[in-house]
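The structure appears right after this line, and notes come after that.
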Amino acid sequence: MTRRAGLSPAAFLLSVAIGIAIFVLAMVVIGVRLDSGPPQPEPASVSEEARQDAATAYALLAEAAEGANPDVASMARAHEEAVGGVWVPWPEGAPEGATNPPAPQSDTADVMILLERAVEATEHAVQTVDPADAPLFASILLRQQIALDALTEEEAIAAEPLVDLAEFATEQTLLTLDTARQWLETAAAHLDPNESALDSIAEVDAMTSAILSSGMADSRLAVAPLPSWFLADPSPETAAQLEAEAKMLIAAELFSYIPTSDPTVDLQIVSALHRYVAASTVTDFPLIEVQ
């Protein structure tokens with residue numbers, strides 16, 4: 001049987017490869033793009049979406065409050081910067097064939113409404129972001145709640161005492177709470193009225209009882225040392241400072257539990273912290289340090 005004339009398989013494949021190369025070269029010469037367009041950013045995670053929503057809420061609040069309430073504007077700008085700002089895919093300008101999304105726009109200039117929205121976005125972030133970032137958002141939430149109280153000119157509604165601390169407590173917890181209780185008792189003796197100090201003592205007693213009932217060994221000291229500045233001048237003025245510092249001991253202890261294994265508990269802790277942190281001395285980031 002005779003063999004058909006034609007290209008061998010190897011020669012045929014070589015000719016196809018040469019043809020493809022010539023075609024590609026021709027397309028490049030006439031300016032045809034070989035890629036699929038500008039690279040697109042990766043889809044945002046649920047955590048990043050919550051962070052971005054919070055940053056956007058802070059940016060809109062800062063813009064609206066710029067002239068109406070400089071303190072709130074400054075607070076919101078600090079919060080926006082601390083969480084990383086509003087993300088833009090191409091901050092130096094979008095590449096050819098792509099565009100950055102438009103800057104966020106608000107449907108209102110009402111500072112109160114925007115602050116309430118910021119609080120809501122922060123509450124969502126506390127429950128959604130990476131646990132490592134939860135303390136930052138919890139601190140921001142506490143500050144925003146205090147700012148909201150100031151705008152409404154109303155006192156915060158007292159939450160139920162946070163007494164079920166057995167899951168988080170250590171022997172140091174007992175020492176801290178008992179130091180705070182002894183400071184509050186000393187302050188109450190020099191204050192008139194002293195209801196705030198007495199209420200805090202009752203709350204500390206309830207928390208301490210819950211911890212001891214869980215089986216924790218009682219490591220409390222008979223006498224907790226008082227600050228030297230109070231011993232040097234035990235007056236109503238220094239007693240008020242002693243009360244405030246005792247409450248901050250409680251607040252710092254409770255805040256140290258965030259993040260817990262349950263984000264809703266984190267929100268409950270922030271609610272409890274609300275009445276221990278004095279509005280008159282609060283920073284933009286209470287109970288944490290932000291570089």
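The values are calculated or read from the model by the stated rules, or taken from the named source; none is laboratory data. Everything quoted here is computed from the prediction, not taken from an experiment. Here Cβ is always computed from backbone atoms with ideal geometry, including for glycine, and neighbour counts include all displayed protein chains. All accessible areas refer to the heavy atoms of the entire protein, side chains included, with ligands and DNA or RNA removed. Shrake-Rupley method; radii C 1.70, N 1.55, O 1.52, S 1.80 Å.
Please report, for the Cα atoms of segment 139-291, the Rg to one decimal and the Dmax as a whole number; what are they, in angstrom?
Considering segment 139-291 through its Cα atoms, Rg and Dmax are 15.5, 45 Å.
Would you mind putting 232-245, 265-278 in packing order, based on average other-beta-carbon counts within 10 Å, highest first?
Working: 232-245: 15.4, 265-278: 20.7.
Those peptides, ordered most packed to least, come out 265-278, 232-245.
With the contact rule set at Cα under 8 Å and sequence spacing of 6 or more, what percent relative contact order holds for segment 41-100?
Averaging sequence separation for qualifying contacts and normalising by length gives 32 percent for segment 41-100.
Are there GluC sites (Glu not before Pro) in segment 85-155 that DSSP puts in a loop and that have at most 15 other Cβ atoms within 10 Å, and which ones?
The qualifying sites are Glu92, Glu96, Glu153, Glu154, Glu155.
Go through 77-84, 52-59 and give me the packing order, highest mean Cβ count within 10 Å leading.
Put in order of decreasing packing, that is 52-59, 77-84.
Given a Förster distance of 30 angstrom, what is the FRET efficiency for Ala103 paired with Gln291, based on the Cβ-Cβ distance and rounded to 0.05?
Rounded to the nearest 0.05, the efficiency is 0.65.
Suppose each label sits 7 Å from its Cα in the direction of the beta carbon; what would the Ala44-Asp71 distance come out to in nanometres?
Calculated label separation equals 3.1 nm.
Taking only protein heavy atoms and a 1.4 Å probe, what accessible area per residue, in Å², does segment 45-101 have with all protein chains in place?
52 Å²
Can you tell me the dipole magnitude for segment 191-263 around its Cα centre, using point charges on the Cβ only (Lys, Arg +1; Asp, Glu -1), in Debye to the nearest 20?
Charge dipole of segment 191-263: 280 debye, to the nearest 20.
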